[in-house]
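One structure below.
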Amino acid sequence: MATTDAEVERVRALVAAIPPGRVVTYGDIAAAAGLSTPRTVGWIMRTDSADLPWHRVIGASGKPAAHLAHRQLSLLALEGVPIQDGRVNIRAARFPLP
């Protein structure tokens, strides 16, 4: 299924709403945006998130993608997100989306 401009804009608005020091998962965004899979959120983030706080979106396991791990964890640590052993404590830092 193709991703519409409206879906992209919903994802962008949700990511933009995540405050510093908090995180959401790809699945959280997919559910809030009415998307069928978190993979669609990942695709949107890869292609259209340069001006967004992309680092606040994390996998459900709390581990960032390997190629982004150092940069993402560094940015999150600067915001006070609890991190232990290279993993975000999602339970403590999760932001509830509408």
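Summary table below
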read-out: Cut-off 16 Å (backbone N to label point 7 Å along Cα→Cβ of residue 61), residues of the stretch 18-51; value: 25-27, 39
read-out: Charge tally in the Cβ shell below 12 Å around residue 33, where Lys, Arg are +1 and Asp, Glu are -1, residue 33 excluded; value: -1
read-out: Cβ-placed point charges (K, R +1; D, E -1), dipole of the chain about Cα centre in debye, nearest 20; value: 320 debye
read-out: Virtual spin-label span in nm between residue 43 and residue 70, 7 Å along Cα→Cβ; value: 3.1 nm
read-out: Gyration tensor (Cα) of the stretch 51-98, equivalent ellipsoid semi-axes in angstrom; value: 15, 13, 11
read-out: Ellipticity estimate at 222 nm from DSSP helix runs (n ≥ 4, -39,500 (n - 2.57)) divided over the chain, nearest 500; value: -12500 deg cm²/dmol
read-out: Fraction of accessible area attributable to carbon and sulfur, the chain (%, probe 1.4 Å); value: 54 percent
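The values are calculated or read from the model by the stated rules, or taken from the named source; none is laboratory data. As the structure is a prediction and not an experimental result, all values here were calculated from the model. Cβ atoms come from the backbone with ideal geometry, glycine included; neighbour counts cover every protein chain shown. What goes into the accessible areas is simple: the full protein's heavy atoms, side chains included, and nothing from ligands, DNA or RNA. Shrake-Rupley method; radii C 1.70, N 1.55, O 1.52, S 1.80 Å.
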